[in-house]
Amino acid sequence: MIISDSVSVAGEHVAKKLPKVACLMAAHNGIFWIEEQVKSIINQHNVQIELFISVDYCNDGTYDWCIEKAKACPNVCVLEYGEVYGSASCNFYRLFSDVDFSNFNYVALADQDDIWEVDHLICSIKEINNNKYDGVSSNLMAFEDNKPQNAFFINKSYEQCKYDHFFESVGAGCTYVLTANLANDFKIFCSKNTDSIVDIFGHDWLIYCFSRENGYSWGALDIIGVNYRQHSNNSMGANAGRNLFKRVKLVYHGWYQDQVVRIVRVVAPEKEILLANPMLRIINFWNFRRRFRDKLILLFFFITGMY
């Protein structure tokens with residue numbers, strides 16, 4: 001495992017410490033994709049990385065593969081196996097709970113089925129340092145499973161709004177990189193709210209909301225570091241085509257509203273009045289979503305009473 005590189009200062013050769021990153025991966029029945037993703041993680045440039053994998057109980061050999069990989073790679077660690085977490089979010093909450101961040105500078109999140117560009121982490125870390133961010137997310141290049149020629153760009157770097165964190169995630173959790181300080185505070189938050197967060201579907205949404213409400217600075221970066229695989233087993237997938245229609249149905253049937261309420265109640269219960277008062281919802285609609293299209297869609301739901 002590489003722990004330093006070398007630089008020349010005033011004619012002398014000195015060691016420069018690389019940033020230490022704890023990468024958290026939630027896995028479940030991912031045997032078809034996980035090898036390519038793990039390779040892209042451990043091959044990250046200019047960082048010292050340790051990969052922690054939590055495997056939800058599965059039946060396709062994913063856990064066995066991870067164990068063999070950990071035997072071969074000293075910077076891969078597989079957490080204790082056998083629990084049924086039931087969702088990627090609950091699996092990530094487990095990772096935050098069980099992984100010790102005290103020896104790391106940064107914490108990154110990873111899905112089992114994506115492919116990282118080799119400079120994903122170091123580019124994110126540079127943005128954190130240059131702009132004094134506590135957490136960052138970034139754009140993605142999505143591609144259909146086994147059809148890389150159909151890749152398409154996903155913009156997630158829209159300008160943040162006053163209350164957008166109550167109504168959406170800032171981007172895909174697989175692009176998140178956090179300072180260790182933010183990660184540790186979120187760990188404490190999870191430990192204090194174990195029963196309240198298990199039914200929150202979006203761990204990435206919850207992390208973003210927690211960050212914004214607790215004064216942490218967040219950067220939505222205009223860079224691409226993750227190739228975002230689309231397939232039939234995606235938890236949600238890209239917000240386009242059939243997945244966009246799927247999201248509209250979730251609003252229509254009340255699931256989205258329920259998630260908004262759950263997140264606000266656990267992170268900032270004093271602001272629940274924004275959701276309870278129909279007039280306040282309409283007045284503040286412009287501050288609830290970042291993308292212009294999404295602002296108008298949400299306003300339509302408010303006006304028609306569908307939300």
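For segment 88-175, dividing the convex hull volume of the Cα atoms by the residue count gives 145 Å³ per residue.
Equivalent-ellipsoid semi-axes for segment 124-170 (Cα gyration tensor, √(5λ), whole Å, largest first): 26, 16, 8.
Helix 62-72 versus the longest principal axis of the chain: what is the Cα-based angle in degrees, 0 to 90, to the nearest 10? Compared with the principal axis, the helix lies near 30 degrees. Return the subset of 271/295; 156/295; 39/71; 17/71; 126/162 for which the Cα-Cα distance in this structure is over 18 Å, preserving the input order. Over 18 Å Cα-Cα: 271/295; 17/71; 126/162.
Compared with the dominant principal axis of the Cα atoms in the chain, helix 203-213 is inclined by about 80°. For the chain, the longest principal axis of the Cα atoms and the long axis of helix 180-192 meet at an angle of about 50 degrees.
Gain on full extension, evaluated as 0.36 nm per residue between residue 146 and residue 46 minus their Cα-Cα distance, stands at 33.1 nm.
For the chain, a/c is not less than 1.5, where a ≥ b ≥ c are the root eigenvalues of the C-alpha gyration tensor, and a/b tops b/c. That puts it in the prolate class. The modelled label-to-label distance between residue 192 and residue 273, using points 7 Å beyond Cα along the C-beta direction, is 2.3 nm. Along the chain, the longest continuous region that contains none of the trypsin sites (Lys or Arg not before Pro) in a DSSP loop with at most 14 other C-beta atoms within 10 Å is 163-307. Within the chain, antiparallel bridges make up roughly 40 percent of the DSSP beta bridges whose residues both belong there. Sequence gap at least 6, Cα distance under 8 Å: using those rules, report the relative contact order of the chain to the nearest whole percent. So the answer I get is 18 percent. Of the GluC sites (Glu not before Pro) in segment 62-121, the ones in a loop by DSSP (not H, G, I, E or B) with at most 11 other beta carbons within 10 Å are 80. Fully extended, how many nm does the chain gain between residue 300 and residue 159 (0.36 nm per residue separation, minus their Cα-Cα distance)? Value of the extension gain: 48.6 nm. Dividing the Cα radius of gyration of segment 253-296 by its Kirkwood radius returns 0.97 for Rg/Rh.
Relative contact order, whole percent, for segment 102-158 stands at 21, derived from Cα pairs under 8 Å and 6 or more residues apart.
When a/c reaches 1.5 or more, the comparison of a/b and b/c decides; with that in mind, is segment 170-212 rounded, prolate or oblate per its Cα gyration tensor?
On the way: a/c = 2.23, a/b = 1.17, b/c = 1.90.
In terms of gyration-tensor shape, oblate.
Every number in this text was worked out from the coordinates using simple rules, so none of it is lab data. As the structure is a prediction and not an experimental result, all values here were calculated from the model. When we count neighbours, we look across all protein chains shown, and the Cβ atoms used for this are built from the backbone with ideal geometry, even at glycine.
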